[in-house]
1. Tell me, what HN-Hα J-couplings in whole Hz come from the Karplus equation 6.51 cos²θ - 1.76 cosθ + 1.60 at θ = phi - 60° for each residue of region 58-74, using x for Gly and Pro?
2. Using a Debye calculation, one point per C-alpha and no hydration shell, please list log10 I(q)/I(0) for the chain at q = 0.07, 0.13 Å⁻¹ in order.
3. Which aspartates and glutamates, on any chain, are close to K11 with Cα under 19 Å apart, when same-chain ones fewer than 8 places away are left out?
4. Would you look at the GNM of the chain, springs on alpha carbons closer than 10 Å, and say which of L33, L198, L168 moves the most?
5. Taking amide hydrogens as modeled 1.01 Å from N in the peptide plane, which residues meet the under 5 Å criterion relative to R215, leaving out close sequence neighbours?
6. Tell me the mean residue ellipticity at 222 nm calculated for the chain from its helices only (DSSP H runs of n ≥ 4, each -39500 (n - 2.57), averaged over every residue, nearest 500).
7. For region 244-252, what does the Karplus curve 6.51 cos²θ - 1.76 cosθ + 1.60, with θ = phi - 60°, yield as ³J(HN,Hα) per residue in whole Hz, taken in order and with x for Gly and Pro?
8. Estimate the FRET efficiency between N148 and A213 by the formula 1/(1 + (r/R0)^6), using the beta-carbon distance for r and 45 Å for R0, to the nearest 0.05.
Amino acid sequence: MKKETKVILDKERCVLCSRCVRFCDEVTGTSELGIYNRGNRAEIGTAPGVELDNNYSLNTVDICPVGALTSRDFRFQKRVWMLKAANSVCPGCATGCNVRIDHEAGRIYRLKPRYNPDVNGRWMCDKGRMEYKPVHADNRLVEPRLKNETARWADLKSVLSSKISSGLGLVVSSAHQSLEEMFLLKSLAGTAALCGGLAGSDMGEGDELLLNADRTPNRKGLELLGLPEMDAAALASAIKAANGTVLIHGGNPASDSAVAEALKAHGDVIYLGSHDNETAAAATLILPGATWAEKAGIFANKDGRLQGFSQSVARQGSGREDWRVLTELGGDDAPTSLKAVRDGLAIALELADTNLNKLPARGLALEGATSGGDV
Ligand code: SF4
């Protein structure tokens, strides 16, 4: 079956400015587009057998001045002047492109690139533009579940506090979580074994422009906070050796069957996450968290640049901000606001003089960090 292009051309609107042609020549270097014919028959097109299907094709929609190029995903979904905008960071890979989330009435309609010369210039990849879809997916976790029964947060308080007070056996973070959440999870661990997640998970094919092979937004954060990832065999052994509850935050380590089996055999597993998956299926207690669009936080991109993102849409069902759940699990000594969490995080990152609540618009490059280069 012929693949559908992501961009649709309405030729009658085109004013032949040639911006889209230049984009494909000068930015992606793929040169799919050209101006064909002469005089009043001139039109934008592709050569026979060629499609506009590079990783960045939807940027031509942004730079078309007359709306002749439109996105198949977004066109006619919403009148654009009805959309509200929130600044954010793409969670699709380790580059951390700066984005704008366009949303209305709790629903995200599109992601657009936001200018940051140190990270993504004016562009973002097509895959990144679709990162809003999991927010509205059918497999969202929207209510707590204890042993497959729906539960209420209030009823879980005593269960959770007895598990935490009797000591956790292992805590497992994920490169999809924010720095604040990683910091809180580590603080919560006490004497429990620490793991940053399943090594080598969420990898794909990268390119030379923006898209990184590491499809997580914060693997650098695990490194900064000393949360080492483990391969599947090591993680399965750590689960078997865990003397107490295993607390998993985000990600899907049970996508590996050895890890899934170890979790099921352990039988005392809490999963705090946003989507139903193999790890949720192996957990005895499920706590619904929030996606990146439903909470605020900070990611460290592959170059060690700290970039903040803010909440754009309401959480679904009984889902809670993950940092709030983790502070509640931490008891009376845990910080009670995101600001207080960030103050503690700044000390842990040896950035005590830095206000992480007010990061610069282009992000904060840690010492030794490099910029994204020319994009
Ligand atoms: S390059 Fe990575 S961070 Fe940038 S838009 Fe694509 S997936 Fe998102």
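Readers should treat all values here as calculations from the given coordinates under stated rules, not as data from a laboratory. Small disclaimer: the values here were computed from a predicted structure and weren't measured. No Cβ is skipped: glycine too gets one built from the backbone with ideal geometry, and neighbour counts run over all protein chains shown.
1. Computed from phi, the couplings for region 58-74 are 6, 5, 5, 5, 5, 9, 5, x, 10, x, 6, 9, 10, 8, 4, 6, 9 Hz.
2. For the chain at q = 0.07, 0.13 Å⁻¹, log10 I(q)/I(0) is -0.35, -1.04.
3. E32, E43, E51, D53, D62, D73
4. For the chain, modelled as a Gaussian network with Cα springs under 10 Å, the answer is L33.
5. Residues meeting the criterion, in which the H sits 1.01 Å from N, are M203, G204.
6. Value at 222 nm, helices only: -6000 deg cm²/dmol.
7. These are the phi-based 3J(HN,Hα) values: x, 4, 9, 10, 10, 10, x, x, 8 Hz.
8. Efficiency computed from Cβ-Cβ geometry: 0.75.
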